[in-house]
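Below is one structure, written out as structure tokens, with a few remarks after it.
The values are calculated or read from the model by the stated rules, or taken from the named source; none is laboratory data. All figures in this text were calculated on a predicted structure; none of them were measured in a lab. Because the Cβ atoms are built from the backbone with ideal geometry, glycine has one as well, and the counts that use them run over all protein chains shown.
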Amino acid sequence: MAGLTLEFLTGALPIRHGFFNRNGGVSAGPYASLNCSLSGADARENVLANRALVAGAMGVAPEHVLGVKQVHGIAVRVAEAPWAIGEGGEADAIVTATPGLALGVVTADCAPVLFSNAAGTVVGAAHAGWRGALAGVLEATAQAMRALSAQTITAAIGPCIHQPSYEVGANLRDAVLARDARDASFFTDGRLQKWQFDLPGYCAARLAAAGVLAEILSYDTCALEGQFFSHRRRTLRREAAIGHQISVIRL
């Protein structure tokens, strides 16, 4: 694996973190190249090699990069010690106050959101698609961090699908507006009976209401094919397979 160069973005968080893109790994074909999801048909050894590269970039052992089975819900796992890969259970966020652990979420258009308190002693990572964001996964993550004594919390919303690429139907819009009609501000008119949804803006607003200041990294996963995997792009092209990028924060 000599010569591989990983690429990742960072926000203004006070602790080591990275929003990795799809480049710099060992996977091939539709998974090229830094696919970090074990849920697809990519070879397991490739995914483990990719995750080991990510761990190295974060300065931790591969077994200390912790993930969960993401299900578009609001469950938050509190990490106090490493668990075996694939043994994190069903959840969509992880928090920890244990030094040496790194928390990861995989995405391919959903928003990866990384959290830290001001002192960098409590961190979190959340997977926020529209369903999870609507249900409250971001607020649940902040609440779990506060239970670990975090006070001032900031967050960075990483690369995800942005409004120009995110055409949605009435079912999504109706579900969002059923909670709060004022959230119509996150939709603009699209084609007949379609709207364009601002997922990162919606996530930032939900965080702000929960007392968490969030920044948005302005990278559209659907539009930037050379940098990111995208579920929406795959769907539009009717392709069978897809990889996922990973976002990691370490304590």
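Among what's in region 117-142 and is closer than 20 Å to Val106 by Cβ and in a strand (DSSP E or B), pick the residue that is farthest from the chain's Cα centre (by Cα). Once the filter is applied, the top-ranked residue is Val123. Restricting attention to region 78-129, the residues being crowded, with 20+ Cβ neighbours inside 10 Å and out of contact with any helix residue (DSSP H, G or I) (no Cβ under 7 Å at 6 or more places or on another chain) number 17. Given the condition part of a loop (DSSP other than H, G, I, E, B), without any contact (Cβ under 8 Å) to a residue 40 or more places away in the chain and within 19 Å of the chain's Cα centre (by Cα), answer yes or no: does some residue in region 68-79 qualify? So far as region 68-79 goes, yes, one or more of its residues are part of a loop (DSSP other than H, G, I, E, B), without any contact (Cβ under 8 Å) to a residue 40 or more places away in the chain and within 19 Å of the chain's Cα centre (by Cα).
Take Gly88 and tell me if it is at positive phi, outside any helix (DSSP H, G or I) and either over 15 Å from the mean Cα position of the chain (by Cα) or modelled with pLDDT under 95 (or both). Against the criterion (at positive phi, outside any helix (DSSP H, G or I) and either over 15 Å from the mean Cα position of the chain (by Cα) or modelled with pLDDT under 95 (or both)), Gly88 does not qualify.
Can you confirm whether Ile74 is β-branched (Val, Ile, Thr) and surrounded by fewer than 24 Cβ atoms within 10 Å (Cβ to Cβ)? Before you say what the answer is, go through the steps one by one.
Working: β-branched (Val, Ile, Thr): yes; surrounded by fewer than 24 Cβ atoms within 10 Å (Cβ to Cβ): yes.
So Ile74 fits the description; yes.
Among all positions in region 216-229, there is no residue which is outside any loop (DSSP other than H, G, I, E, B), of a type in the set (Val, Ile, Thr) and more than 30 Å from Gly100 (Cβ to Cβ).
Looking at region 145-156, can you tell me whether even one residue there is of a type in the set (Gly, Ala, Ser), modelled with pLDDT of 95 or more and surrounded by fewer than 22 Cβ atoms within 10 Å (Cβ to Cβ)?
If we filter region 145-156 for residues that are of a type in the set (Gly, Ala, Ser), which is where we start, we get 147, 149-150, 155-156.
Remaining after also requiring modelled with pLDDT of 95 or more: 147, 149-150, 155-156.
From what's left, surrounded by fewer than 22 Cβ atoms within 10 Å (Cβ to Cβ): 147, 149.
Yes, the conditions are met somewhere in region 145-156.
May I ask you to verify whether Ala57 is closer than 28 Å to Thr152 by Cβ and either in contact with a helix residue (DSSP H, G or I) (Cβ under 6 Å, 6 or more places away or on another chain) or assigned to a helix (DSSP H, G or I) (or both)? Considered against the rule, which asks whether it is closer than 28 Å to Thr152 by Cβ and either in contact with a helix residue (DSSP H, G or I) (Cβ under 6 Å, 6 or more places away or on another chain) or assigned to a helix (DSSP H, G or I) (or both), Ala57 comes out as yes. Within region 182-208, being closer than 20 Å to Gly124 by Cβ and without any contact (Cβ under 8 Å) to a residue 12 or more places away in the chain holds for one residue alone: Ala208. Annotation: Gln193 fulfils all but one of (1) polar (S, T, N, Q); (2) crowded, with 20+ Cβ neighbours inside 10 Å; (3) part of a loop (DSSP other than H, G, I, E, B); the unmet one is (2).
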